[in-house]
Every structure is written in structure tokens, then in C-alpha cells.
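Laboratory data are not the source of any read-out in this text; all were calculated from the coordinates shown. Worth saying up front: this structure is predicted, and the values here are computed from it rather than measured. In this analysis, Cβ positions are derived from the backbone assuming ideal geometry, glycine residues included, and neighbour counts consider all displayed protein chains.
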Amino acid sequence: MNTPPSNAPKSHGRKTIRPTLQPRELMTHAPDLARAWKAQVITLLPNAFPGILGESLSGKALKDGLWQLETVDLRMFGEGKHRNVDDTPAGGGAGMVLRADIMAAAIDHTRQRIPAKAPLIYLSPRGKPFTQQMAQDLAKGPGCSLICGRFEGLDQRVIDHYEILEISLGDFVLTGGEIAAQALIDVTVRLLPGVLGNSESTEEESFSNGLLEHPQYTRPADWRGLAIPDVLMSGHHGEIAKWRQAQSQALTQVRRQDLWKAWIEGNSEKT
């Protein structure tokens with residue numbers, strides 16, 4: 001009988017416990033869950049989590065162990081009596097910048113607890129726009145580590161050294177990255193197997209096929225003189241599919257010329 005090495009992780013069901021010399025105050029209170037998608041969040045506001053992620057489908061999936069949330073309080077890596085994490089911008093200017101040495105200490109601690117192939121992401125207004133395809137790619141991996149910016153941002157040397165992926169939710173500026181992090185996690189978690197009751201629902205949503213989603217209707221059949229389109233009440237699934245496709249195309253062409261152009265180009269290449 002082979003005896004496992006003394007430093008091997010001890011597994012209790014889905015929970016994995018690893019020995020560590022890290023001070024207790026820096027540790028998450030939740031043990032690792034084997035095979036669960038993991039979201040790590042480095043933040044100055046750990047009490048902001050899980051927030052909305054603890055409700056509805058994402059909250060149920062969190063309780064069921066389909067995914068795991070680990071918050072890392074950046075302030076615990078701060079310097080001095082007041083745990084300072086920032087300093088004035090080099091070269092002058094307004095605001096404060098998150099220090100390279102402080103953030104690096106938090107990253108080094110955090111990344112020990114997630115597979116190396118899980119991406120390290122900084123939520124930033126200058127980052128690459130977040131898309132449904134990016135969420136699908138994230139959902140296929142083991143998880144991700146997220147950095148929530150504050151103040152004027154993060155020392156560029158940290159971004160360069162760790163080759164951090166910068167992601168933006170859009171062309172606007174938030175007070176911090178916490179809301180953006182929750183949005184990114186929500187979009188990704190709902191794509192994990194078992195989170196949604198009907199997997200087909202994600203296949204027909206906006207952006208899943210490059211188009212905006214078609215209009216949806218439900219009871220009553222007549223509301224304030226407005227009726228559900230006859231084709232949806234016909235029971236003819238082929239005609240319903242055609243109607244929905246036509247509606248998606250029309251909406252996308254009117255509302256999102258960027259998506260429409262990409263969809264046209266993509267389909268012309270297939271023919």
C-alpha cells in the first residue's frame with residue numbers, strides 16, 4: 001500500500017484542506033471545494049461580497065458548491081499602523097495609486113490557492129470589453145482571480161510583471177471594481193453546468209449566437225388590447241424558430257450595427 005506524502009492535501013468529500021504558514025487573518029474562512037469553479041476577489045471592500053451573488057440562481061449554486069467565492073482583503077497586506085495600500089502618483093497629479101509592493105503581496109498569497117491556468121484579471125475602464133464569449137471561456141476553466149481597483153488605479157509595474165488581463169464592462173468609470181467584479185462573476189457562473197435549470201436558455205440568449213435575443217411573451221394571451229403574435233401560438237416549431245431568428249436579426253441591425261456587421265461577415269465566410 002502506497003503512503004501519500006505528509007504534505008499532500010487532505011480531501012474530505014469535495015473539501016480540500018492544505019497546510020499553510022500564512023497568518024490566519026489572511027485566510028478565507030471557506031475551505032477549498034474540489035472541482036468547483038472558483039472566483040477570487042482582491043478588494044478593499046470584502047464585506048461587499050457576495051452581495052447580489054448570494055441571491056437567486058448564483059446564490060443557490062454557491063450554497064450547492066457549484067462554484068466558490070474567496071475574498072482577499074487588500075488592507076491586510078497594507079503597511080504601517082493604518083495598513084496603507086496607496087500613495088501619491090509618481091510625477092504628480094490628483095488622487096492616489098495602489099502600491100506595487102502591497103498588491104504584489106496580495107497576488108502572491110492569492111494565486112497559491114488557485115490553478116495557474118486561471119487568469120488574473122484587473123477590472124479597469126481601459127481594459128478589453130467584456131463579452132459573452134469571454135464569459136464562456138472563463139466558465140470552461142477552473143476559475144479566475146479578480147483585482148478590484150480603487151482611487152486612480154494600480155501601479156503599472158504590477159500589471160506588466162504579472163501579465164494581468166485588463167477587462168472593462170464599458171466606456172464609463174465606476175468608483176471601484178467591486179460592482180464590475182460581481183457582474184463578471186454573475187455572467188460566468190450562470191454558464192456553469194447545473195446552475196440553470198434549462199441549459200437551452202443560454203443558447204437562445206442575446207450574444208450567444210452573435211445576435212440580440214428575440215422578443216419574449218407569456219400569459220395572458222391578450223393584455224390591454226395587445227396580443228401575442230399568432231405564430232407563437234400556432235404550435236408550429238419550425239415557423240416559430242424562423243420568426244425568432246428574423247426578430248433577432250432585425251433588432252440587431254437596428255440597435256447594434258457592430259454586432260450586425262460581425263454577424264454578416266461571419267455568415268458570409270461560411271457560405
Q: Could you tell me whether the range 12-189 comes out rounded, prolate or oblate from its Cα gyration tensor? Rule is a ≥ b ≥ c as square roots of the eigenvalues, rounded for a/c under 1.5, then prolate if a/b exceeds b/c, otherwise oblate.
A: oblate
Q.
Only sites in a loop by DSSP and with at most 14 other Cβ atoms within 10 Å count here; which GluC sites (Glu not before Pro) in the range 146-183 make the cut?
A. E152, E163
Q.
Report the number of Lys pairs in the chain whose alpha-carbons are under 24 Å apart, with separation of 8 or more residues or on distinct chains.
A. 22
Q) Amide H of E70: which non-local residues (sequence gap of 5 or more, or other chain) have their own amide H closer than 5 Å, using H built in the peptide plane? A) A39, Q40, V41
Q | Inter-probe distance in nm under a simple model that places probes 7 Å from Cα toward Cβ, at R35 and K63 | A | 2.2 nm
**Q.** Beta bridges by DSSP in the range 12-189, antiparallel share as percent, to the nearest 5
**A.** 20 percent
Q) What spacing in nm lies between the two simple spin-label points modelled at E163 and Q112, each 7 Å away from Cα in the Cβ direction? A) 2.3 nm
Q. Under 5 Å between amide H atoms, partner at least 5 residues away or on a different chain: which partners does E166 have, H built in plane at 1.01 Å?
A. Y122, K128
Q) Taking 0.36 nm per intervening residue step and subtracting the Cα-Cα distance, what contour gain separates L174 from A227 on full extension? A) 15.0 nm
(Q) How tilted is helix 237-255 with respect to the longest principal axis of the chain? Cα atoms for both, answer in degrees (0 to 90, nearest 10). (A) 60 degrees
Q | Karplus-derived HN-Hα couplings along the range 219-226 (A = 6.51, B = -1.76, C = 1.60, θ = phi - 60°), whole Hz, x at Gly and Pro | A | 5, x, 5, 10, 10, 6, x, 9
Q.
Can you compute the modelled spin-label distance between V254 and R219, with each label point 7 Å from Cα toward Cβ, in nm?
A. 2.9 nm
Q.
I'd like the orientation of helix 178-189 relative to the chain: the angle between its Cα long axis and the longest Cα principal axis, in ° from 0 to 90, rounded to 10.
A. 60 degrees
